[in-house]
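Some notes on the structure that comes next.
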Amino acid sequence: MQLQMILREPTRFAQPGDAPRMPDDYRLRTYRAGDGPAYVSLMRTAFDEWSGELFERTLAHMLPGGLFFVEHLPTASLVATAVAGHEHSALHGSAAELGWVVVDPVFRGNGFGDIVCDAVLRRFVAAGFDDIYLKTDDWRLPAIRIYLRLGFVPLIHAADMPERWALVYEKLGLKRSALEDDAVRTVRDNSAAAGYRPWKSATETEARQTPPSLRVGLLPLYLDLYDRRRPELRDSVDSFLDDVGKLIERAGVEVVRAPIATLRRHVDAAEELFGGGRVDLVVTLHLAYSPSLLVVEFLSQLDTPILVLDSTPARSFELDDDRYLLENHAVHGVMDLTSVLVSKGVEFRVVAGHIDLPEFQRRLSTELDGALMAKRFRNQRIGLTGSAFVGMGDFSIDAEAVAKRFGIEAVALAPETIVAAAARIADAEVDRRIEADRDAFDLSEVDTFVHRRSARCYLALRRLCAEHGLSAYTMNFEQTGPSLPPPFYAASRLMADGYGYAGEGDVVTAGLGRALNVIDGRSMFSEVFCVDWETDEVLFSHMGEINPLFAAGARSILMKRALGHEEPSLYFRFSVDSMKITMVNIGVSNGVPSRLVVATLDIVERDPSPGITAPHFFASPETPVAEFLEEYARLGGGHHVYLCEGDIRRRLRVMCSHLGLAFHEVR
């Protein structure tokens, strides 16, 4: 069942103006004859199953002139699309549906999603529609961010919606209180006419921990000489600074802007704003040449990572006016500053390019994601049931040293504590969880008592995480005790909720999992369990844990007794769609995390093997499996890994630079 949202104030789209700005070399247009093949190709960048049949259905159920495109003029390519759909539904009656919003991955970061959505909404309002809704998926976080910005709010239309929306808000860096304020639920009378009223959660104590958002300190650098001799230049300078600030904010981070620094007092003001850990990242922006010695002492003393932006207002040469030179010569100011920073041994990262170029925006987004991942890794409280598996040295840590360097501490959650918390979970909450499972999984092989016990344990662990401020959880399956069968169902569900998790009492890998959940996608704990030397494939598995957000194909939940336990645990069983994944191991030296060992693989789409009960799936490395394993071993990769959807190596490299970890890539 998909998520749904409704537009709270459609009338705002009746006003002229305020439409998103279209970059140069692009235009907005509607569908015309002959667009079919290009449209299907664009849709398949997001939906593998998209077909000509769906294309025909889309045309049949849209308003006239309701299929919008952004076209790249130099290549005549369709790079973004959205549809003004109109089809009666039992839930919404004859309301209008914003649908099939897709932006080509190569062109993301240019605001094209906002542009096509804005066009559709204006088309609906012009046609007289007051009720406008959309459907989306939990993992489409960039799209949901756009919808919220446009004024859509979550619709609570099924029992599992509150917890699913809470996870979405968490991954977007939004507070649970914001969900409480935003969401509405359906109210239907006997005529099935849709209506809405505010929704408030009945379980405030179970609010998930809000993830830390990123606070970026923006330090603009300029030259006092220009203020004294050419004050009229400030208009273009201020406009460019505003554009850069908005670009950073579009990534969902908070921007703390310092005064434009031309004098020492401006730098002192920046120190007041940024010092003492008040921001997580300091971004410098040269608005013209600015002498390095104005700020280098301040930057040298910062404990905060530094990102240098190297850009100019003009995208290309405009040599018919001397003013162009005065407004676009920041590059040698950047050179001055970075040269001195290197001489002083001050580490920094840099992104260069024009702010409207997709590559610049992608690289900036990568830097911000990596910075947020590093922040999430630090200062965690991680629940631990039992202790680390005896003799497993590759994740053996010095707890005191880890706490001192990264602020990570383990919090004991004894089996008795979990069992007692489970006893306090209301039956109605268990009923809702089971009903949500029934909607998504085949439960024919699950005993009702075992299912209710497992669901109650999951809800209890989630509540304990909220009460104790825990961001991740790990357990030793041998030490859960007779009263608590290994809670594989709970561990799997917690990963889907955005918590970090690792097996066998591995605190640092559990903490890594939490940090990786900043990525707009899915992640989970696993192990390379077996190898097929002939097909060059590996089998990923670990006892009974797998993130159900990866579920594809036939989906079921099974019962099985874990090794050494009499009472059965629940196991998810499903296939995983073909996709690129990034495998990440966090290595330990002298008791503290010291490196990430990273590789990319391709999941092989295949049904689970009938003879294997444990969750499992298959993947192929980019090199022959023997070479892959040899290189992984040489780099010191351990046996516990996190798997992330997509290729996130660049983000991980940024994260490592902020945390002081070595970055090793299996090539």
How many percent of the accessible area of segment 571-667 is carbon or sulfur, using a 1.4 Å probe?
-> 46
Calculate the all-directions average of the projected area of segment 489-546's alpha-carbon convex hull, and give it in nm².
-> 4.6
Could you tell me which of rounded, prolate or oblate describes segment 544-630, using a ≥ b ≥ c as the square roots of the eigenvalues of the alpha-carbon gyration tensor, with rounded for a/c under 1.5 and, failing that, prolate when a/b is larger than b/c and oblate otherwise?
-> oblate
Can you work out the accessible area per residue across segment 278-436, with the rest of the protein chains kept in place, probe 1.4 Å, in square angstrom?
-> 47
Residue-level accessible surface for Cys530, protein heavy atoms, 1.4 Å, Å² = 70
Using 0.36 nm per residue, how much length does the chain from Arg149 to Asp303 gain when fully extended, once their Cα-Cα distance is taken away?
-> 52.1 nm
Given Cβ charges of +1 for Lys and Arg and -1 for Asp and Glu, the option among Ala261, Ala330, Gly611 whose Cα lies farthest towards the positive end of the dipole of the chain is Ala261
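For the full complex of protein chains and a 1.4 angstrom probe, list Thr535, Thr582 by accessible area with the highest value first. Intermediate values should be presented prior to the final figure.
Working: Thr535 70, Thr582 0 Å².
Correct descending sequence by accessible area is Thr535, Thr582.
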Theoretical ellipticity at 222 nm over the chain - DSSP helices of four or more residues, -39500 (n - 2.57) apiece, nearest 500 | -10500 deg cm²/dmol
Between Glu566 and Arg44, what length comes free when the chain is fully extended (0.36 nm per residue of separation minus the Cα-Cα distance, one decimal in nm)?
-> 183.2 nm
In Å and from the alpha-carbon atoms only, list the Rg and Dmax of segment 248-388.
-> 17.6, 72
Hydrodynamic calc, segment 399-456: Kirkwood Rh from Cα pairs, then Stokes-Einstein at 10 °C with viscosity 1.306 mPa s, so D in µm² s⁻¹ is 113
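Roughly speaking, to the nearest percent, how much of segment 46-123's 1.4 Å accessible area is carbon and sulfur?
Heavy-atom surface of segment 46-123 belonging to carbon and sulfur, 1.4 Å probe: 57 percent.
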Whole-number D in µm² s⁻¹ for segment 409-494, Kirkwood Cα-pair radius fed into Stokes-Einstein, 10 °C, 1.306 mPa s = 118
Enumerate by residue number the trypsin sites (Lys or Arg not before Pro) in segment 85-170 meeting two conditions: DSSP loop (anything except H, G, I, E, B), and at most 11 other Cβ atoms within 10 Å of the site's Cβ.
-> none
Please state the relative contact order of segment 548-667 as a whole percent: Cα pairs under 8 Å, 6+ residues apart?
-> 27
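Looking at this model, which pairs from Lys171/Lys560; Lys175/Lys375; Lys246/Lys344; Lys135/Lys375 are more than 21 angstrom apart at the alpha-carbon?
Result: Lys171/Lys560; Lys246/Lys344; Lys135/Lys375 exceed 21 Å.
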Go ahead and run the numbers for FRET between Ala554 and Asp431, Cβ-Cβ distance against an R0 of 30 Å, rounding to 0.05.
-> 0.75
Determine how large the accessible area of Ser578 is when every protein chain is in place; take a 1.4 Å probe and give Å² rounded to the nearest 10.
-> 70
Under a plain spin-label model, where a point goes 7 Å from the Cα along Cα-to-Cβ, how far apart in nm are Lys246 and Thr613?
-> 5.9
Percentage of interatomic Cα-Cα distances in segment 34-112 larger than 20 Å = 33
Radius of gyration, Dmax [segment 614-667; alpha carbons; angstrom] = 12.8, 37
Normalised per residue, the volume inside the convex hull of the alpha-carbon atoms of the chain in Å³ amounts to 180
Gain upon complete extension [Trp533, Thr11; 0.36 nm per residue less C-alpha separation] = 181.7 nm
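Take Phe47, Phe540 and sort them by solvent-accessible surface of the protein heavy atoms, 1.4 Å probe, largest at the top.
Final ranking, largest accessible area leading: Phe47, Phe540.
The values are calculated or read from the model by the stated rules, or taken from the named source; none is laboratory data. Since the structure is predicted, the reported quantities are computational estimates derived from the model, not experimental observations. Positions of Cβ are backbone-derived with ideal geometry, glycine not excepted, and every protein chain shown enters the neighbour counts. We work out accessible area using only protein heavy atoms, side chains counted, and drop any ligands, DNA or RNA first. Shrake-Rupley method; radii C 1.70, N 1.55, O 1.52, S 1.80 Å.
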